Amino acid sequence: MTTTFGVLRFPGSNCDDDALRAVDVVLAPAGSRGRIIWHKDRSLGDVDAIILPGGFSYGDYLRGGAIAAHSPIMDAVAEFAAGGGPVLGICNGFQILCERGLLPGALIRNESLRFECRDTHVVTSGRQTPFTRGIAAGAVLRMSIAHAEGRYVHPDPEALWRAGQVVFRYATPAGEVSADANPNGSVLGIAGICNEAGNVVGLMPHPERACEAVLGGGGQDGRAIFESALAGGGAA
């Protein structure tokens, strides 16, 4: 069975080709396919899952993701998500999903007020989603971050935690959540969340940059996120 991922492309996206390679080349032997969808399109076409990639859509004017959230294609993404379709937002894609209201909370300037680019570790928690169902609770993944507005905030983060919507938290290599392991000051060390239905997921680390051993750094831990979607044919 083939799972087709639609990878959105906005002006200023710079991880769209990386995401496309992950699902259209690296995981092709497992039945994965990918195609680019332009931000001015109004239809997603025949896809099983959607990826909003990282980058600096519209130059991050106003706020990260603020303008892209109102691109024509986002109406189709919202409809796809409302119908239970799996949607993954990575870095800038996470910001776009929050700005659009498809995920709760917001991403603001890092606590350091600096652009942070480094390898991080995240520990998996919360409910199963289309992008984590193949990952054991408590599993630690190594992936890189590269952002200036990655500090996740929410008026009631404990409620998110109780609802199982916190799916990734920054942690040490041993899986311990701590202030030292938190690269941007996110509340509760949150690196990724899902919506109430569990089919929309956003995270700041880059799984598409951790899919091939040749890349070094994060190795191949990010593959598990895309493989999870493949295991269910993309279905939520």
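Laboratory data are not the source of any read-out in this text; all were calculated from the coordinates shown. Bear in mind that the values here come from a model prediction, so they are computed numbers and not experimental data. Don't worry about glycine lacking a Cβ; one is built from the backbone with ideal geometry, like all the others, and counts go over all protein chains shown.
Please find, within region 13-32, the residue that is nearest to residue 55 (Cα to Cα) out of those that are surrounded by fewer than 16 Cβ atoms within 10 Å (Cβ to Cβ) and not β-branched (Val, Ile, Thr). Step through it out loud before you land on a result.
Taking region 13-32 as the starting set, the residues that turn out to be surrounded by fewer than 16 Cβ atoms within 10 Å (Cβ to Cβ) are 14, 17, 25, 28-31.
With the extra rule that they be not β-branched (Val, Ile, Thr), the set shrinks to 14, 17, 28-31.
Working: 14: 5, 17: 11, 28: 24, 29: 27, 30: 27, 31: 27 Å.
Filtering first and then ranking leaves 14.
For residue 125, the criteria (1) touching a residue at least 24 places away in the same chain (Cβ under 8 Å); (2) under 16 Å from residue 183 (Cα atoms) hold in every case but one, which is (2). There is at least one residue in region 27-38 that is in a helix (DSSP H, G or I) and without any contact (Cβ under 8 Å) to a residue 24 or more places away in the chain.
Among the residues of region 4-24, is there at least one that is in contact with a Phe, Trp or Tyr (Cβ under 9 Å, 6 or more places away or on another chain), assigned to a helix (DSSP H, G or I) and over 24 Å from residue 223 (Cα atoms)? Looking through region 4-24, none of the residues is in contact with a Phe, Trp or Tyr (Cβ under 9 Å, 6 or more places away or on another chain), assigned to a helix (DSSP H, G or I) and over 24 Å from residue 223 (Cα atoms).
When you scan region 147-205, how many residues do you find that are of a type in the set (Lys, Arg) and farther than 23 Å from residue 229 by Cα? Write out each step before concluding.
Applying the first criterion (of a type in the set (Lys, Arg)) to region 147-205 yields 151, 162, 169.
Next, from what is left, pick out any that are farther than 23 Å from residue 229 by Cα: 151, 162.
Residues in region 147-205 being of a type in the set (Lys, Arg) and farther than 23 Å from residue 229 by Cα: 2 in total.
Count, please, the residues in region 55-93 that happen to be touching a residue at least 40 places away in the same chain (Cβ under 8 Å), touching a strand residue (DSSP E or B) at 6+ places or on another chain (Cβ under 9 Å) and over 24 Å from residue 222 (Cα atoms). Total satisfying the criteria: 4. Of all the residues in region 88-103, those that are within 11 Å of residue 195 (Cβ to Cβ) and touching a Leu at 6+ places or on another chain (Cβ under 8 Å) number 4. Could you list all residues from region 46-68 that are buried (at least 24 other Cβ atoms within 10 Å of the Cβ) and either polar (S, T, N, Q) or out of contact with any helix residue (DSSP H, G or I) (no Cβ under 9 Å at 6 or more places or on another chain) (or both)? 57, the sole residue that qualifies. Scanning region 94-122 for residues that are closer than 20 Å to residue 73 by Cβ and free of Cβ contacts under 8 Å to residues at least 40 places away in the same chain yields 99, 100, 101.
Just checking: which of the strands (runs of 3 or more DSSP E) contained wholly in region 68-180 hold 3 or more residues that are closer than 27 Å to residue 12 by Cα?
Values: elements: 87-90, 106-108, 116-124, 140-147, 151-153, 166-171.
The qualifying strands (runs of 3 or more DSSP E) are 87-90, 106-108, 116-124, 140-147, 151-153.
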